[in-house]
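Notes follow once the structure below has been shown.
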Amino acid sequence: MLWTRAVSPPPAAPAPSATTPDSRAVAAYLGLAIGDALGATVEFLTPREIQHQHGVHQDISGGGWLRLKAGQVTDDTTMSLALGEAILAAGRVDARAAADAFDAWMRGKPVDIGNTVRRNLITYRKTGNPEAPLSEHDAGNGAAMRVLPVALATFGQPPDVVAAACRAQGHVTHHNLLSDAACETLVAMVHDFLAGHGLDTARHHADTLVARHPVFAWQGKRRDNPSGYVVETLQAVFQALFATHGFEACLVDIVNRGGDADTTGAIAAMLAGACYGPEAIPARWRKALDAGVRETVELQALALMAH
Ligand SMILES: [Mg+2]
């Protein structure tokens, strides 16, 4: 039976444009969690395996090698949340507060943890030094995947303050020049997106990164099956971000490349969320995300922006 209201409601007023820095910050954090939850299903698969198992992978369905519940997130999101809480509690980005927060996070038996993160947090327990030793081998994406709270907390700050904050958090587990360059580039992109700039400005930051560190060159050969090496991570992310024009298209592109898909998904969707704003996030992904995670990332994003 067709049901109609006795009195029709007035036509909805056009929604105000929800593209303030705060709303973009929320979209970035939601994107990070959604990209993590979507990508985790296909982590370590090749594009061919994904195609065989899922066709085009585009629904948050859980599973994967971690046997996740649908909407569950992994270390990318939970380490970010731990870092964000530490920033809010300390009132600034502080290496020791971050190291203690990550240590507490590790004691909580997270669903997954990177090798470099584990090794350097165990070292921190022994030495009490929140800065890991400089290592050319520690160029994994583990510091870059959790850098968003630093971006939100330092929005509007001078570049030297932003760079110092990036390094303080990154060096707890990844003291590496390529990791630093990646983190600082991602934060610069998020800052410009929050301020309302578009893909062209982000492209400038990607070009600057390649000029300084040519190993990051991302144009040319398609980067499928990206590993946890931060260079491959950013190459795949930039290819997906700059080849698409929308949150959904960017995220579907990146996760179907497989490899370290939870982390590439998290980083790409963080950028795309900040770029395209909350209205671009598909309702089915927003709903599928674990409700507690959704609420926590929204609140933390706003708290970090107000900080
Ligand atoms: Mg992960």
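Structure data summary
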{"item": "Residue match in segment 272-285 (condition: under 23 Å from MET79 (Cβ atoms) and within 16 Å of the ligand (Cβ to nearest atom))", "result": "no"}
{"item": "Matching residues, segment 129-141, being open to solvent by less than 30 Å² (accessible area, probe 1.4 Å), away from the ligand (no atom under 15 Å from the Cβ) and not acidic (Asp, Glu)", "result": "PRO130, ALA132, SER135, ALA139"}
{"item": "Segment 120-162: number of residues that are without any contact (Cβ under 8 Å) to a residue 40 or more places away in the chain and in a helix (DSSP H, G or I)", "result": "9"}
{"item": "Residue among ALA98, ALA82 that is within 16 Å of the ligand (Cβ to nearest atom) and within 19 Å of the chain's Cα centre (by Cα)", "result": "ALA82"}
{"item": "Tally, over segment 270-285, of residues that are over 23 Å from ALA143 (Cα atoms) and either open to solvent by 10 Å² or more (accessible area, probe 1.4 Å) or outside any helix (DSSP H, G or I) (or both)", "result": "9"}
{"item": "In segment 142-199, the residues that are open to solvent by 30 Å² or more (accessible area, probe 1.4 Å) and among the acidic types (Asp, Glu)", "result": "ASP160, GLU184, ASP192"}
{"item": "Complete set of residues in segment 45-61 that are surrounded by fewer than 16 Cβ atoms within 10 Å (Cβ to Cβ) and assigned to a loop (DSSP other than H, G, I, E, B)", "result": "THR46, GLY55, VAL56, ASP59"}
{"item": "Residues of segment 91-125 satisfying the condition of being surrounded by 16 or more Cβ atoms within 10 Å (Cβ to Cβ) and aliphatic (A, V, I, L, M)", "result": "VAL93, ALA95, ALA97, ALA98, ALA99, ALA101, MET106, ILE113, VAL117, LEU121"}
{"item": "Pair list, Cβ < 7 Å and 6+ apart or interchain, from segment 255-269 residues that are in contact (Cβ under 8 Å) with a residue 12 or more places away in the chain and open to solvent by 10 Å² or more (accessible area, probe 1.4 Å) to residues that are away from the ligand (no atom under 12 Å from the Cβ) and small (Gly, Ala, Ser)", "result": "ASP260/SER227"}
{"item": "Unmet requirement for ASP36, which otherwise passes all of (1) of a type in the set (Asp, Glu); (2) within 24 Å of ALA301 (Cβ to Cβ); (3) more than 12 Å from the ligand (Cβ to nearest atom)", "result": "(3)"}
{"item": "Whichever residue in segment 67-78 is within 14 Å of the ligand (Cβ to nearest atom) and either crowded, with 16+ Cβ neighbours inside 10 Å or β-branched (Val, Ile, Thr) (or both) and, among such residues, is nearest to GLY31 (Cα to Cα)", "result": "THR77"}
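The values are calculated or read from the model by the stated rules, or taken from the named source; none is laboratory data. Note that the structure is predicted; figures quoted are calculated from it, not measured. Cβ sites come from the backbone with ideal geometry, for glycine too, and all protein chains shown count toward neighbours. Side chains included, ligands, DNA and RNA excluded: accessible areas come from the protein's heavy atoms. Shrake-Rupley method; radii C 1.70, N 1.55, O 1.52, S 1.80 Å.
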